[in-house]
Amino acid sequence: MFVCRLPWWRSSAACKSWQSGHFLPWDRCQMLSIKGINTTVGQEQQASMQEKRVLEDLEMPLARRETETLFQEQPETGNQYLEDTLLRSYLKTHLPPKVLEEVHQDLERFGNRLLTKIQPLSRECELNPPVFRQYDAWGRRVDHIHTCSAWRRMKEISAEEGLIAEAYERRYSNWSRLYQAVKLYLFSSSSGGFSCPLAMTDGAAKVIESLGIPGSLKNTFDRLTSRDPEKFWTSGQWMTERRGGSDVANGTETVARKQLDGTYRLYGFKWFTSAADSDVTLTLARIADAEGQCTQGSRGLSLFFLRVRDEEGKLNNIQVQRLKDKLGTRQMATAELWLQGARAELISAEGRGVAAISNMLNITRIHNVIGAVASMRRMISLSRDYARKRVAFGKLFKDHPLHVQTIARMEVQVRGAFLLLMEIVRLLGLAETNLASEQDQLLLRLLIPVAKLYTGKQASAVAVEAMESFGGQGYMEDTGLPVILRDALVLSIWEGTTNILSLDVLRSLAKSQGQVMAAFLSTVQRKLELASGTQELSPGVQRAREAIGSLRQFMAASGSEQALTMELAARDFSYSLARIYTGRAKMGITQPWNGAALLMEHAARPDASSTDVCAALRWCNQELCPVAVESGRGSYRGGAALQDSALVFGNSRL
């Protein structure tokens, strides 16, 4: 008879205090006796003999095995900054020496803090999600959202580390935004979900700054960008209502009524409000005229600022209906709210709310990319460490070529995603310091939705694949792995689904009358010419050039097609842009267009490693221009939409 049981983590590692920053907390320690060797907290006796013992234990008689505990070693990570060789080599290549010296010291310190102090708080946030108490013991409505102490501590740490402030102090000029993004990237996987309110806080600060920091919002801006935990505020972003998510133009029903003192009262229902425990928020509403009528569509939307609570902590004429029961990001309070005369300030021009909020959406989408790349890096780091420890079929996982190949394929994806992220925040830093050229600004407009939609999909796929690398343990809640997957799944949905953002990419092309695409193609072509001088990269350069040619042919052919053709092609077109741009090369810091680079440029550096070259070539081995391939197959022709409809609905009941 054969009994199959899911193994436990090796007890000596599992019993290590969660306060030491290791991956898994345990409520208690167990004493194991393995061939006469006792293993307790803090002891690592005979660790080098573990593999041999595992193999011997598998040969034990069943009667003995039933009285002993099977075990595995838990995966661990160290200082995230020091272990991330791609991040460190990127910063070394592109930051000015003095900036690099200061940044390196701070990031090494921050990496140690993440390991020893912040990761334990993250687990506490996951185990203690917010609780909503609608009434007190005497029947009075209080609508109190209780968050755990670890969540509140995350807010203090965010201020202390300047996770918002860094971008607005601009100590390092155009590199400040990139530096902030790097800290957020390191923080994200250990934030216990607090990276989400930080995204909206950053977005709110950006909107206020873009408005010139009006006097009435000066105190708010100072608090949103403060390093003082006692002063620091977070912001919400209340857009989604009952009738829809991305379609705010037609889905917004909230009404704003002007008061005699010039303020407004808001009335409506906000169906999905993330970080409902925030201090302030930005929201859209329609201003009612003297007859109570509102302009419909996007032209009727205006942007408002409001405090969530007054000085005494009472809600600003807001009622909490319930907390949302979400698949992931359960550490953060997301609520349904009734606005019943909430006092607010109009901060955009009347009817210009969508335009005013666009700065916030750009920032939150970049944060979405940060979260996606960070989650991928976290899962791969754990998978890599596990491969060094886990034994199956007589040898460690790292000695099974197929297993290592699977992780290597994920590594190529996260490398490309990371460099795409760095490129976007580099461009944003230039724009914020008035150093961006017109071409920089055009590229930034295009790359934000492209990166958000592509990395969101990457993160979900990598999380699923990496979870499988742990076998049955990947499916166990107390390992902490399933929460990474659940939280990653929102990244392709929040701030615009893949299809919505693909259509946004098409709008950016149309609005610029082709200038955006011209900037994209000329930049990629110019950088490929630089990479062509590196012999090892020539196969990748050739494939990239072929992809650009295919993309040009598709665009020329689609120019005479109906709008339906481009809509059907929108997703594949956006994927093509992401893959081609991520595989391209850029100039070094001594050339024009100085700064960040993608896989080909990173591999063309004088001190590039063979691993850098391998990653660039493997990226280029995938289909770089799927839109051309699908076009050749007739996937976007006139009859394709009818065929799609027949496949989806043909056999369904009316």
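The values are calculated or read from the model by the stated rules, or taken from the named source; none is laboratory data. Owing to the predicted nature of the structure, the values given are computational and were not obtained by experimental measurement. Note: ideal-geometry Cβ built from the backbone for every residue, glycine included; neighbour counts use all protein chains shown. Protein only, heavy atoms only, side chains kept; ligands, DNA and RNA dropped before computing areas. Shrake-Rupley method; radii C 1.70, N 1.55, O 1.52, S 1.80 Å.
Give me the orientation-averaged projected area of the Cα convex hull of the range 354-445, in nm², one decimal.
Directional mean of the projected Cα hull area for the range 354-445 stands at 7.7 nm².
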- Of LYS395, LYS527, which has the most accessible area and how do the rest follow, probe 1.4 Å? LYS395, LYS527
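Just the C-alpha atoms of the chain: what Rg/Rh do they give, with Rh taken as the Kirkwood radius?
Details: Rg = 26.4 Å, Rh = 26.7 Å.
That ratio is 0.99, to two decimals.
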- In Å², nearest 10: area of VAL414 left accessible to a 1.4 Å probe: 0
- Using a 1.4 Å probe on heavy atoms of the protein chains only, the accessible area for SER645 in Å², nearest 10, reads 50
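Step through the table entries LYS457/LYS511; LYS231/LYS452; LYS452/LYS511; LYS183/LYS398; LYS270/LYS324, compare each Cα-Cα distance with 22 Å, and write down the pairs that go over it.
Values: LYS457/LYS511 26 Å; LYS231/LYS452 31 Å; LYS452/LYS511 20 Å; LYS183/LYS398 30 Å; LYS270/LYS324 12 Å.
From the list (LYS457/LYS511; LYS231/LYS452; LYS452/LYS511; LYS183/LYS398; LYS270/LYS324), the Cα-Cα distance tops 22 Å for LYS457/LYS511; LYS231/LYS452; LYS183/LYS398.
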- Item | Apportionment of accessible area to carbon and sulfur, the range 513-649, percent (1.4 Å) | 50
- Message: Can you give the FRET efficiency to the nearest 0.05 for LYS511 and GLU230, using r as the Cβ-Cβ distance and R₀ = 35 Å?
- Response: 0.20
- Could you give the length gained on full extension between ALA557 and LEU642, defined as 0.36 nm per residue of separation minus the Cα-Cα distance, in nm? 28.5 nm
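List the equivalent ellipsoid semi-axes of the range 513-649 in whole Å, largest first, each obtained as the square root of 5λ for an eigenvalue λ of the Cα gyration tensor. If you can, show how the numbers build up before the last one.
Working: eigenvalues 216, 51, 24 Å².
One finds semi-axes of 33, 16, 11 Å for the range 513-649.
What's the ranking of 284-293, 331-340 by average number of surrounding C-beta atoms within 10 Å, highest first? Please report the intermediate quantities before stating the final value.
Working: 284-293: 15.4, 331-340: 21.5.
The packing order, highest mean first, is 331-340, 284-293.
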- Site SER173, offset 7 angstrom along Cα→Cβ, radius 13 Å on amide nitrogen, limited to the range 414-439, gives 430-431, 433-436
- Item | Accessible area in the full protein assembly, largest first, 1.4 Å probe, for HIS144, HIS403 | HIS144, HIS403
- Note on the structure: The set of residues whose placed amide H lies less than 5 Å from the amide H of SER189, leaving out same-chain residues fewer than 5 positions away, is none
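Using a Förster distance of 30 angstrom, determine the FRET efficiency expected from the C-beta separation of VAL629 and GLU468, and round it to 0.05. Display every interim value, and only then the final one.
Numbers: r = 28 Å, r/R0 = 0.92.
Efficiency, from the Cβ-Cβ distance: 0.60.
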- Normalised by the number of residues in the chain, what is the relative contact order in percent for Cα pairs under 8 Å and 6+ residues apart? 11
- Message: So with the 1.4 Å probe, I'd like the accessible area per residue for the range 294-395, rounded to whole Å².
- Response: 41
- Message: Please compute the per residue accessible area over the range 133-240 with all protein chains in place, 1.4 Å probe, rounded to a whole number of Å².
- Response: 35
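Would you work out the Kirkwood radius for the range 383-521? I mean one over the mean of 1/r across all pairs of different Cα atoms, in Å. Each step should come with its number before you reach the end.
Numbers: mean 1/r = 0.0575 Å⁻¹.
Result for the range 383-521, one decimal place: 17.4 Å.
Please state the shape class of the range 133-192: rounded when a/c is under 1.5, otherwise prolate if a/b exceeds b/c and oblate if not, all from the C-alpha gyration tensor. The partial results should precede the final answer.
Numbers: a/c = 4.48, a/b = 2.93, b/c = 1.53.
The shape class here is prolate.
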- Item | Integer Hz, Karplus 6.51/-1.76/1.60 couplings in order for the range 448-456, x for Gly and Pro | 4, x, 4, 5, 5, 5, 6, 5, x
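Calculate the tail of P(r) for the range 161-308: the fraction of all Cα-Cα distances greater than 18 Å, expressed in %.
Numbers: 6705 of 10878 pairs.
Here the long-distance tail beyond 18 Å is 62 percent of all Cα pairs in the range 161-308.
Taking the solvent-accessible surface of protein heavy atoms with a 1.4 Å probe, what is the per residue accessible area of the range 513-649 in Å²? Intermediate results must be reported in sequence, preceding the final value.
Numbers: 6410 Å² over 137 residues.
Spelled out: the 1.4 Å probe surface of the range 513-649, per residue, equals 47 Å².
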- Item | Rounded to whole Hz, the Karplus (6.51, -1.76, 1.60) HN-Hα couplings of the range 102-115, x for glycine and proline | 5, 5, 4, 4, 5, 5, 5, 4, 5, x, 5, 5, 4, 5
- Segment ASN651-VAL404, length gained on full extension (0.36 nm per residue, minus Cα span): 84.6 nm
- Roll a 1.4 angstrom probe over the protein heavy atoms and tell me the percent of accessible area of the range 80-225 that is carbon or sulfur. 52
- Item | Selection from PHE470, HIS400, ALA510, by position along the positive dipole direction of the range 396-530 (Cβ) | ALA510
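Quick check for me: using +1 on Lys/Arg Cβ and -1 on Asp/Glu Cβ, what's the dipole size of the chain about its Cα centre, in debye to the nearest 20? Can you show the working numbers first?
Working: 80 positive and 71 negative charges, 80 e Å.
Approximately 380 debye in magnitude.
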- Query: How much of the accessible area of the range 235-353, probe 1.4 Å, is carbon plus sulfur, in whole percent?
  - Reply: 44
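Mean shadow of the range 312-400, computed from the convex hull of its alpha carbons, in nm²? All intermediate terms of the calculation are to be shown ahead of the outcome.
On the way: hull surface 42.5 nm².
That works out to 10.6 nm², a quarter of the Cα hull's surface.
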- So how many Å³ per residue does the convex hull of the Cα atoms of the range 235-353 work out to? 102
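Starting from the Cα-Cα distance between LYS117 and SER149, subtract it from 0.36 nm times their residue separation and give me the gain in nm to one decimal. Could the numbers behind the result be given before it?
Values: separation 32, 0.36 × 32 = 11.52 nm, distance 1.37 nm.
Value of the extension gain: 10.1 nm.
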- Note on the structure: Taking N as the residue count of the range 80-225, its alpha carbon Rg divided by 2.2 N^0.38 Å gives 1.23
